[in-house]
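What follows is a single structure, written as structure tokens, with notes after it.
Where a number appears in this text, it was derived from the coordinates with a stated rule and is not lab data. Since this is a predicted model, take the numbers as computed values, not measurements. Cβ coordinates were reconstructed from backbone atoms using ideal geometry, including for glycine residues, and neighbour counts include every protein chain displayed.
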Amino acid sequence: MDDEAFIDWNINREELKSYSLNEFDKEDGSVYGFMVLKLGEYHLGYLKSDTGLLEGDEDISFYVDKLIGCGIAIIKGEDYSIRLLHRNLLEVHVTMNNGVEIEIWNTRTNNTEWKYIIRKSDLLAEIRRVYSKYIADVKDINENVLKSESFIRTAELYDKFLEKVYEK
């Protein structure tokens, strides 16, 4: 798995479990936890805290939505950028050149920190895997929040993604 690209996470289970649907909607409607992005040998983030923290503060919902949006853009032949929330000096730039080129870009230095190329089919498969895992993980912890406004928006975005995939 060293040469692969993937996203994984550990959801703050107790926090998510504690929400009613109304509370989840009143909050920001996001699922939080620890998260990692792996592009070959490059790792950004982590799944477990070495500092002893019980809960992570990465907005997993935000990144799932952005990944789906990235898939739509790539299918349409458009470039896509994602500003990393907790690493405000980094952005992920995704473009189509001889495959899907993913760059980790430092906005302070205007330099590329890492570049990775993945096949378009592998990116689209990863988006499907991420969405399925995200829904399954949340359903396992607190199925009620799947009826929230934010999850409905994510499902609609994913449906748009699938429409684009199958229209080609």
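Values as computed for the structure displayed
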item: Dimensionless Rg over Rh [segment 5-167; C-alpha; Kirkwood]; result: 0.97
item: Using alpha-carbon coordinates, inclination of helix 149-167 to the longest axis of the chain, degrees; result: 30 degrees
item: Rounded FRET efficiency, nearest 0.05, which uses the C-beta distance separating D79 from E149 and R0 of 35 Å; result: 0.75
item: Calculated from backbone phi, Karplus (6.51, -1.76, 1.60) coupling profile of segment 57-74 in Hz, x at Gly/Pro; result: 10, 7, 7, 4, 4, 4, 6, 4, 4, 5, 5, 5, x, 4, x, 4, 4, 5
item: Rounded to the nearest 20 debye, dipole of segment 12-168 from Cβ charges on Lys, Arg, Asp, Glu; result: 520 debye
item: Residues with amide H under 5 Å from that of T107, placed H, sequence gap 5 or more; result: L90, E91
